[in-house]
1. Would you check the accessible area of Asp50, probe 1.4 Å, heavy atoms only, in square angstrom rounded to 10?
2. Can you give me the accessible area per residue for the stretch 1-66, using a 1.4 Å probe, in Å²?
Amino acid sequence: MAADQAALCGLIGALGGAILGDSSTLTVPLLTHRLARHEQQRVRDEAEFDRLMGVRQTTRKVLIVLDDAHRTVLRVNLWTGQRSRPRSKPRWQR
């Protein structure tokens, strides 16, 4: 009777180990692939963010140059050379 129980416990232990081994054989590659996809998405998101920040900075620089040119035109009429009073805000900010 005791030998039968020991054999049964050994069989249950072996089956449990086999089930755990098989499940890890299936789940580890799936989890690894999922982690790799998340990492690739994170890298793409960072690259997109950096690109958008570059566009934002370039746009801001262009707006500053245009605003300076506009204010210069308002201060001095390039055709007549006469000074005029500058406006308080540029048109694109109104």
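The values are calculated or read from the model by the stated rules, or taken from the named source; none is laboratory data. Predicted model only: the values in this text are computed from it and were never measured. Each accessible area value is taken on the protein alone, full model and side chains, heavy atoms only, with ligands, DNA and RNA left out. Shrake-Rupley method; radii C 1.70, N 1.55, O 1.52, S 1.80 Å.
1. Surface open to solvent at Asp50 totals about 100 Å².
2. Per residue, the stretch 1-66 has an accessible area of 89 Å².
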